[in-house]
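Please treat every number below as a calculation from the coordinates, not as lab data. What you see is a predicted model; the values in this text were computed from it and never measured. With ideal geometry, Cβ positions are generated from the backbone for all residues, glycine too; neighbour counts draw on all protein chains shown.
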There are 2 protein chains.
Amino acid sequence: MRYYDEMPVGTVLETASYTFTKEAILAFAREYDPQPFHLDPAAARDSVFRTLVASGWHTASVAMKLLVESGRFETGMVGLGVDELRWPRPVYPGDTVRVRSEAVGVKPSRSGNRAVVRWSMSMSNQRGEVVLTWSSLQLVPGRPRETTKVDSP
Amino acid sequence: MRYYDEMPVGTVLETASYTFTKEAILAFAREYDPQPFHLDPAAARDSVFRTLVASGWHTASVAMKLLVESGRFETGMVGLGVDELRWPRPVYPGDTVRVRSEAVGVKPSRSGNRAVVRWSMSMSNQRGEVVLTWSSLQLVPGRPRETTKVDSP
């Protein structure tokens, strides 16, 4: 999909899956979210989560990875923003997730050169429990106009 | 800061800085956001950005890193969600950013055991331009009640 007329309201993307290894959870936490419950299995036992859980930013980044690797988006689209980013359940080492994203709004510019597409995304784990949701805005180009060929005189 | 009475409305956190190296931008993109304009300087030249830019999820993860490493939050707080996540300007290799976050709302539970604190966050680059904003919700414990000591008879 390259142009916004290829993703009308109701378009659904379903991605491949990703398994969160303990190593990936720890590596992300060391770099970007060094809180004890993301970083250290022993300290996590004393935390509100009682065990190691993935950083919410790790979870969100994996959602992006799965969407990009779905191969459904060609270059030229730009993420404008995300609303209502929520983590209803933790992600634990060994969890396998996949993503479903649905186009819920398409607002073409006045010229029709591009549109803002709103997507409703949810990530579920191997038990079908939702672990991440968001509502995102993406700028998508319009199909180039057919240019009329003019024969040279 | 550990309890919500330590972060009344108007509390401001200012973090240290972080410089986005080209290597870190590429490493994040390879793992989590393999789009050409995050992954490949040559392909980025043909993109809407005209040059390599950091993944928005990389930028958001760095904001989290800076907030955690500010040392102002002790363990026990949990991020509930993020709204109005926006990337008003790209982040380029070599950019140095810092974060400012302000408590804009504190809603204690009925029992006073905990509160939901809303933070308004912005990340700026070395030219003072805003590159990332969000409004986040954090669950923060209340201060434990003083327990009355009862002398044994």
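Here are a few things to note about the model shown:
- Under-5 Å amide H pairs with A:ALA115, H placed in peptide plane, nonlocal only: A:SER109, A:VAL140, A:GLY142
- Each Lys and Arg Cβ is given +1 and each Asp and Glu Cβ -1; about its Cα centre, region A:4-141 then shows a dipole of about 200 debye.
- Between B:LEU80 and B:LEU137, B:GLN138, B:LEU139, the built amide H atoms are under 5 Å apart, and every one of these is 5 or more places off in sequence or on another chain.
- Cut-off 14 Å, label 7 Å out along Cα→Cβ of A:VAL104, residues of region A:116-140 by amide N: A:117-123, A:132-138
- Compared with the dominant Cα axis of chain B, that is its longest principal axis, helix B:56-69 is turned about 40°.
- Cα pair count fraction exceeding 27 Å, expressed as % - chain A: 35
- Straightening the chain between A:GLU69 and A:ASP40 buys 7.4 nm, computed as 0.36 nm per residue apart minus the Cα-Cα spacing.
- Helical runs (DSSP H, four residues minimum) scored at -39500 (n - 2.57) apiece and divided by the length of chain B put the mean residue ellipticity at 222 nm at -6000 deg cm²/dmol.
- Contour excess over end-to-end distance, with Cα ends at B:VAL48 and B:LEU139 and 0.36 nm allotted per residue: 28.9 nm
- Local electrostatic count, A:GLY10, Cβ distance below 14 Å [Lys/Arg +1, Asp/Glu -1]: -2
- Sequentially through region A:41-53, phi angles give Karplus couplings (6.51, -1.76, 1.60; θ = phi - 60°) of x, 5, 5, 4, 4, 8, 8, 4, 8, 6, 6, 5, 9 Hz, Gly and Pro residues having no value and appearing as x.
- A Förster radius of 22 Å combined with the Cβ-Cβ distance from A:GLU23 to B:TYR92 puts the calculated FRET efficiency at roughly 0.10.
- Taking amide H positions as modeled 1.01 Å from N, with prolines and chain starts lacking one, the residues under 5 Å from A:THR15 and 5 or more places away or on another chain are A:VAL99.
- Charge dipole of chain B about the Cα centre (unit charges at C-beta), most positive-ward option of B:SER47, B:PRO108, B:SER17: B:PRO108
- Charge tally around B:SER101: other residues with Cβ under 12 Å, Lys/Arg +1 each, Asp/Glu -1 each, net +2.
- Whole-number percent relative contact order across chain A, with pairs defined as alpha carbons under 8 Å at least 6 apart: 29
- Rounded to 10°, Cα long-axis angle of helix B:22-32 versus longest principal axis of chain B: 70
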